[in-house]
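First comes the structure, then the notes that go with it.
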Amino acid sequence: MMRMPLRDSKPSHFGGPWRKTNKLVKIMNDSFYDLPCPINLNAWWSFDSMLGLCLVIQLVSGLLLSIHYTADESMAFDSVIHIMRDVKKGWMLRNIHANGSSMFFMCIYAHIGRGLYYGSYLDKTVWFFGVHLLLLTMAEAFLGYTLPWGQMSYWGATVITNMLSVIPVVGTDMLRYVWGGWTVCNATLKRFYTLHFLLPFVMIAFVALHLFFLHEKGSNNPLGIESDSMCVPFHPFYTVKDLFGYVCFMFVFMYLVCVKPEMLGNSLNYWPANPMKTPIHV
């Protein structure tokens, strides 16, 4: 029986390898597999892909947490405790989501610091979408911090939302609209939960635009010079480096999740929200 050749080994009159001829796969191929990259990128560029890993971790863990969470001021705190104590591996799931947000910001700060140091901000379009991604991530983190409905969640939401009141003329009305009442209440929690669930999809769209405009001109490099003549394909040269970065990332991440889960948190958030008792340092 004659053996059929592999699709990737078709002769040139078929248009080359399958990953380059299939319209949908070609987009992914040109963005990740055969993407031309400067030959002199260092370890600071690994934080870019780590941010993608962080986003995936937060999306998956957040979706699983939403199955058990209840967005109601009388049940929100207890639902989080229920996740930690009663749901199988719920303690790990919650710690992954909580510490994953901290790791997200560590990678963001490294990513922005590298961009400032090496002059990546000179590509204004990419920088524009990157700054908006930072603002979206900050908003997402604030909304998520409110959801456990502990003391720090409640009073953190109270302090941050009150910043709207300094806006002339419309500030007070905006504040009441965000609260859904005269103070942080059940309506506020429900609105924050809805926004916390929806914003990640907006972030994914901005990430796609951020990468699209980045790949139009190509990545910056440590020397800051045009490197069109000194490029290598992303795979295998940088996939190997990124995998090594993932291993280092996961080592730190799982240490936080399994050994020091509360190191980056606040113990006051294990007290239910009490509008009548403000924490001393707040």
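Values computed for the structure shown
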quantity: Proximal charge balance of C185 [Cβ under 12 Å; K/R count +1, D/E count -1]; calculated: +1
quantity: Using distinct alpha-carbon pairs, which all enter the 1/r mean, Kirkwood radius of region 237-282 in Å; calculated: 13.8 Å
quantity: Folded to 0 to 90 degrees: helix 124-146 orientation relative to the chain principal axis, Cα; calculated: 40 degrees
quantity: Degrees separating the helix 76-85 axis from the principal Cα axis of the chain, which is the longest one; calculated: 60 degrees
quantity: Value of Rg to Rh for region 76-122 (Rh from inverse mean 1/r over Cα pairs, i.e. Kirkwood); calculated: 1.34
quantity: Charge sum, other residues only, whose C-beta stays under 12 Å from S46's C-beta, Lys/Arg counted +1 and Asp/Glu -1; calculated: 0
quantity: Alpha-carbon centroid distance for the pair region 91-134 / region 218-251, whole angstrom; calculated: 17 Å
quantity: Dipole in debye (nearest 20) - the chain, about Cα centre, beta carbon charges: Lys, Arg +1; Asp, Glu -1; calculated: 600 debye
quantity: Value in Å of the Kirkwood radius, where the chain supplies the Cα pairs that are averaged; calculated: 21.7 Å
quantity: Probe 1.4 Å, protein heavy atoms only - accessible area per residue of the chain in square angstrom; calculated: 62 Å²
quantity: Per-peptide average of other Cβ atoms within 10 Å, ordering 199-206, 273-280 highest first; calculated: 199-206, 273-280
quantity: Accessible carbon and sulfur surface of the chain relative to its total accessible area, %, 1.4 Å; calculated: 71 percent
quantity: Viscosity 0.890 mPa s, 25 °C: Kirkwood-radius Stokes-Einstein D of region 94-180 over Cα pairs, µm²/s; calculated: 161 µm²/s
quantity: Out-of-range pairs (alpha-carbon distance over 29 Å; input K88/K241; K190/K277; K124/K241; K89/K277); calculated: K88/K241; K89/K277
quantity: Packing rank of 189-198, 22-31, where each peptide gets the mean count of other beta carbons within 10 Å, highest leading; calculated: 189-198, 22-31
quantity: The chain: angle of helix 186-217 to the longest principal axis, Cα-based, in degrees nearest 10; calculated: 20 degrees
quantity: Contact order relative to length of the chain, as percent, for alpha carbon pairs under 8 angstrom and 6 or more apart; calculated: 31 percent
quantity: Net lengthening on full extension, S102/R19 (0.36 nm per residue, minus Cα-Cα); calculated: 26.2 nm
quantity: For C37, distant residues with modelled amide H under 5 Å away; calculated: V232, F234
quantity: Over region 78-181, relative contact order from alpha-carbon pairs under 8 Å, at least 6 apart, %; calculated: 11 percent
quantity: Contact order normalised by residue count of region 150-234, Cα under 8 Å, 6+ apart, percent; calculated: 14 percent
quantity: FRET efficiency estimate (nearest 0.05) - Cβ-Cβ, V56 to Y270, R0 35 angstrom; calculated: 0.80
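The values are calculated or read from the model by the stated rules, or taken from the named source; none is laboratory data. Since the model is a prediction, treat every value here as computed from it, not as a measurement. All Cβ positions, even for glycine, are placed from backbone atoms using ideal geometry, and neighbour counts span all protein chains on display. We work out accessible area using only protein heavy atoms, side chains counted, and drop any ligands, DNA or RNA first. Shrake-Rupley method; radii C 1.70, N 1.55, O 1.52, S 1.80 Å.
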